[in-house]
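Let me begin by presenting the structure, written as structure tokens, before commenting on it.
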């Protein structure tokens with residue numbers, strides 16, 4: 001019986017494992033998935049999680065619930081030595097160890113691309129994981145509560161200033177949804193006015209949403225500006241030290257919430273710790289059938305897909321084009337991988353991956369969206385309905401579809417929930433304070449001591465190492 005090892009449980013990894021469970025008999029092969037998280041994140045829902053339109057847990061699909069016969073290992077693969085058919089696994093807790101396999105599937109997923117900008121590591125937060133989306137929402141809600149109790153001034157302005165850096169799909173959708181939430185919340189805060197809000201979208205290029213053509217992209221900019229947003233094109237973030245934003249255009253302002261969405265970088269294990277072939281961008285070289293290698297030099301028993309693989313786009317008329325690293329392709333990569341691996345194990349014929357785009361659709365906030373398929377462009381409310389319809393069909397499992405639809409229907413009747421649970425980031429503070437209103441300062445002092453320990457350990461101030469996912473998370477709140 002062959003051992004199939006899948007590195008990463010994102011879209012491509014989850015759907016590969018799910019497909020293999022359906023097609024392979026138990027005596028043919030065993031399947032193992034290594035991932036630090038026990039769930040697959042449905043990333044297109046993260047902007048709506050920030051706005052409270054989707055519950056956080058509904059954007060996460062439990063692997064243990066839906067992968068019944070797959071072995072799941074909570075950890076990260078830190079080294080791949082395919083020549084020996086061995087990987088090094090670093091579990092969430094405990095020492096690392098070697099794991100042997102017969103067939104390897106690399107779907108490790110990308111990581112957030114960052115730059116050495118002063119203050120970025122200490123102040124910014126990404127929008128790639130459920131935890132980050134929840135933190136963004138809670139920070140905005142907490143800022144509203146704090147600002148409502150303050151007189152007009154610089155501190156209130158800082159609390160209600162939000163900055164998104166990056167004008168791709170993730171950044172624009174998150175920005176539009178959070179702007180929509182903030183505008184709607186003003187009804188519940190008579191102490192605040194629309195003029196108190198300050199939302200900034202910073203993009204280094206001369207346009208946003210590169211997946212759509214120029215005119216629809218320009219319409220999105222105008223739409224956001226009409227809603228009071230400040231869109232800074234051809235502009236870069238120079239510094240974010242202490243929450244003070246400095247832009248290359250010369251503009252400066254204080255911002256309590258900085259969200260970094262400037263794109264992805266390949267996973268470090270693919271970029272630096274593997275003997276598999278990678279290209280100049282740090283992506284695995286992959287053939288059209290998703291086997292690692294080239295047509296003239298395939299790597300036996302190695303497959304890859306998703307954001308870490310340079311998959312040829314056979315549907316494109318331009319030679320050398322690679323499939324776009326998005327959810328639409330990653331899901332179909334996984335399903336295609338499962339079929340090809342099964343065919344390969346049984347001595348059958350593997351097939352090339354070919355998928356024409358279904359178009360692109362984005363939410364810009366409640367009842368606002370944009371859709372484009374070739375020359376067809378739909379804007380506003382119809383596009384927003386198309387966005388919701390597509391993603392409720394695309395999210396895996398009927399259980400998740402029903403849960404998401406229920407939340408949407410409830411919100412349509414009663415509005416979005418405006419409760420902040422920012423304190424969940426520090427659950428022991430109330431226990432340490434012991435109910436004495438004078439003792440939270442002692443709790444904060446303990447927090448400062450923890451910060452000093454983090455500095456001594458080499459972690460940037462404001463970050464904490466999470467034992468659940470082996471990543472660093474921003475923990476500073478306004």
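Every read-out reported here was derived from the displayed coordinates using simple, explicitly stated rules and does not represent laboratory data. Remember, it's a predicted structure, so these values are computed and weren't measured experimentally. Note that we place each Cβ from the backbone using ideal geometry, even for glycine, and neighbour counts take in every protein chain shown.
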With R₀ set to 45 angstrom, the calculated FRET efficiency between the beta-carbons of residue 239 and residue 57, to the nearest 0.05, is 0.80
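What full-extension length gain, to one decimal in nm, is calculated for residue 385 and residue 95 as 0.36 nm per residue of separation minus the Cα-Cα distance? Can you show the working numbers first?
Numbers: separation 290, 0.36 × 290 = 104.40 nm, distance 4.84 nm.
Gain on extension, residue 385 to residue 95, equals 99.6 nm.
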Restricting to Cα pairs under 8 Å and 6 or more apart, the percent relative contact order of the chain works out to 18 percent
Taking Cα atoms only, helix 214-226 is inclined relative to the longest principal axis of the chain by an angle, in degrees rounded to 10, of 30 degrees
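Need one number: % antiparallel among DSSP beta bridges in the range 120-260, to the nearest 5. Before the final figure, lay out each step's value.
Numbers: 5 of 19 bridges.
Once the DSSP bridges in the range 120-260 are tallied, antiparallel ones form about 25 percent.
Of all beta bridges DSSP finds with both residues in the chain, what is the antiparallel percent, to the nearest 5?
On the way: 37 of 71 bridges.
About 50 percent, rounded to the nearest 5.
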Distribution output for the range 120-260: share of Cα-Cα pairs per 10 Å bin in percent, first bin at 0, values 11, 44, 36, 8, 0
For the chain, longest principal axis from Cα atoms; helix 381-394 axis from its Cα atoms; angle between them, nearest 10 degrees, is 40 degrees
Tilt, helix 11-23 to longest principal axis of the chain (alpha-carbon atoms), in degrees rounded to tens, equals 40 degrees
Stretched fully, the stretch from residue 183 through residue 321 gains (0.36 nm per residue minus C-alpha distance, one decimal, in nm) 45.6 nm
Checked the range 107-175 with the C-alpha gyration tensor, a ≥ b ≥ c its square-rooted eigenvalues, rounded below a/c of 1.5, otherwise prolate if a/b is larger than b/c and oblate if not; verdict prolate
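Against the empirical 2.2 N^0.38 Å scaling, what ratio does the C-alpha Rg of the range 182-298 come to?
Working: Rg = 20.9 Å, N = 117, 2.2 N^0.38 = 13.4 Å.
It is 1.56.
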Output ordering of 340-347, 267-274 (per-residue mean of other Cβ within 10 Å, highest first) is 267-274, 340-347
Distance in nm between residue 399 and residue 418 label points, each 7 Å along Cα→Cβ, equals 3.4 nm
Counting only backbone N atoms under 16 Å from a point 7 Å out along Cα-to-Cβ of residue 374, the residues of the range 288-330 in range are 315-318
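What does the highest-first list of 129-139, 228-238, 169-179, 374-384 look like by mean Cβ count within 10 Å? Numbers along the way, then the final one.
Working: 129-139: 22.7, 228-238: 17.3, 169-179: 25.7, 374-384: 14.0.
In decreasing order of mean packing, 129-139, 228-238, 169-179, 374-384 become 169-179, 129-139, 228-238, 374-384.
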Under the 7 Å Cα-to-Cβ spin-label approximation, residue 272 and residue 64 lie apart by a distance in nanometres of 3.2 nm
Most packed first (mean Cβ within 10 Å per residue), the peptides 30-37, 325-332 order as 30-37, 325-332
Whole-Å distance linking the alpha carbon centroid of the range 16-55 with that of the range 136-160 is 37 Å
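Once the Cβ-Cβ distance between residue 26 and residue 81 is put in as r, and R0 is 30 Å, what FRET efficiency do you end up with, to the nearest 0.05?
Numbers: r = 28 Å, r/R0 = 0.94.
About 0.60, to the nearest 0.05.
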Note to self, the chain gives a 222 nm [θ] from helices alone (DSSP H runs n ≥ 4, -39500 (n - 2.57) apiece, / all residues, nearest 500) of -10000 deg cm²/dmol
